[in-house]
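Heads up: the structure comes next, in structure tokens.
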Amino acid sequence: MTDSRPDSRTAVLVRDDLATWQRLNVTAFLLSGVTAAHPELVGEPYADADGTGYLALLGQPVRVFEGDAATLRAARQRAVGRGLSTALFTAEMFTTGDDAANRAAVAAVAADALDVVGLAVHGPKNSVDKVLKGAHAHP
């Protein structure tokens with residue numbers, strides 16, 4: 001069942017100095033975290049007119065933003081402070097090879113020292129909008 005409540009929002013914020021492949025990779029990883037935490041956001045599977053089945057997708061739009069390193073640090077602090085569901089991607093995760101190594105890379109760094117290159121948040125629209133203060137829509 002899809003969470004179509006107009007008062008909820010899912011958004012991704014990526015750092016503006018990442019290469020295109022990194023922005024896409026970070027966005028995909030972060031949205032998988034939101035989906036894992038909120039399976040109610042996933043709609044029904046798709047099928048074409050020939051009956052070929054396809055995977056279900058998120059049932060609500062995802063807003064994608066970009067910002068500099070300071071914007072991402074501030075957004076992470078606001079998201080955590082507001083208790084929002086937050087997915088995180090750090091620069092160190094580009095050098096690891098698997099999920100366990102990613103978690104270890106994050107666990108090795110204090111929260112305020114994380115080199116955040118991307119984050120995704122899901123929650124009430126008001127709160128998500130406040131978390132994204134200073135970011136701008138990805139072109």
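The values are calculated or read from the model by the stated rules, or taken from the named source; none is laboratory data. As the structure is a prediction and not an experimental result, all values here were calculated from the model. FYI the Cβ positions are ideal-geometry reconstructions off the backbone, even for glycines, and counts take in every protein chain you see. With ligands, DNA and RNA removed, areas are computed over all heavy atoms of the protein, side chains included. Shrake-Rupley method; radii C 1.70, N 1.55, O 1.52, S 1.80 Å.
Laid out as a table, the results:
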{"read-out": "For region 38-139, size of Cβ-based charge dipole, Lys and Arg +1, Asp and Glu -1, in debye", "value": "660"}
{"read-out": "Surrounding net charge for residue 16, when Lys and Arg each add one and Asp and Glu each subtract one, Cβ distance under 11 Å", "value": "-1"}
{"read-out": "5 angstrom amide H check on residue 9, placed H, neighbours 5+ away", "value": "123, 125"}
{"read-out": "Label-to-label distance, nm, for residues given as residue 113 and residue 99 (7 Å Cα→Cβ offset)", "value": "2.8"}
{"read-out": "Accessible carbon and sulfur surface of region 62-139 relative to its total accessible area, %, 1.4 Å", "value": "52"}
{"read-out": "Probe 1.4 Å, protein heavy atoms only - accessible area per residue of the chain in square angstrom", "value": "55"}
{"read-out": "Distribution of pairwise C-alpha distances over the chain, 5 Å bins, in %", "value": "2, 10, 19, 22, 19, 14, 8, 4, 2, 1, 0"}
